[in-house]
Each structure stands twice: as structure tokens, then as C-alpha cells.
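Okay, so here's the structure we're looking at.
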Amino acid sequence: MPTFRKVQSDYLVVPLMFGLTPIKAPLFELRVFGGAAAFFYQSGEVSGLSSISLSQTVWNLRAGAGMDIWRIECNFSYDFGITKMFETVSDGKCHGYNLTLGFRF
């Protein structure tokens, strides 16, 4: 059975995304996007362990979809780990979901 540990890490994320807008109406817009995201290590630790080191740069592929209704924007994306976040773990790739909700001024 796997052992789970709390990971606290701070990364600066720089995404490079490309997208299409298949539906565009005056008050509604639907888009799909994909690309890569680079995560640059700032600080972090793994609780209870001192021998695991976090990678300085992590690369992920990102794919998602979003929509705008009037001035409200909602995006959902998934990150597929390409490189390891944990250098000393056999499968240290990170995968994750992102959900953003915003209001445009």
C-alpha cells in the first residue's frame, strides 16, 4: 500500500498555450486549448522526509476547455506530467486539474 505524504511546494508557472474558439456569439464563447507549462521551483518540502528533493524545473502538457458568458469566464484544464517533480521517486510525475473562474473588467 502506498504511503502518502504532505508536499508543500512553490513553483512559478509559465504556460505556453494555443487555442481555438469553435463557438463565438455576442454573449457566449467556447474555446479549447492546449500546450506546455514550465514549473520553476521556488521553495518546498515533503513532510517527514529529508531525502526527497524536488526538481528545479518540471514540464507538463496542459489541455482544457473554457467558456465566457457575458463577462464571466470559466476554464478547466488537466496537466499531464512529462518530467518528474520528485527526483528520487520512481514515478514522481505530477498530474493535476485546474479550474478557474473570473470576471473581466
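The values are calculated or read from the model by the stated rules, or taken from the named source; none is laboratory data. These numbers come from a predicted model, not from an experiment. All Cβ positions, even for glycine, are placed from backbone atoms using ideal geometry, and neighbour counts span all protein chains on display.
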Qualifying residue in segment 80-87 (condition: out of contact with any helix residue (DSSP H, G or I) (no Cβ under 6 Å at 6 or more places or on another chain), part of a strand (DSSP E or B) and free of Cβ contacts under 8 Å to residues at least 24 places away in the same chain)
yes
Looking at segment 15-29, which of its residues are of a type in the set (Val, Ile, Thr) and surrounded by 12 or more Cβ atoms within 10 Å (Cβ to Cβ)?
Thr21
Cβ-Cβ distance below 9 Å, separation of 6 or more or different chains: which pairs start in segment 55-70 with a residue that is in contact (Cβ under 8 Å) with a residue 24 or more places away in the chain and part of a strand (DSSP E or B) and end on one that is surrounded by fewer than 14 Cβ atoms within 10 Å (Cβ to Cβ) and among the charged types (D, E, K, R)?
Asp68/Arg104
Selection from segment 18-54 of residues that are at pLDDT below 80 and either outside any loop (DSSP other than H, G, I, E, B) or of a type in the set (D, E, K, R) (or both)
Gly44, Glu45, Val46, Leu49, Leu54
When you look at Lys6, is it more than 17 Å from Tyr97 (Cα to Cα), surrounded by fewer than 13 Cβ atoms within 10 Å (Cβ to Cβ) and at pLDDT below 80, yes or no?
yes
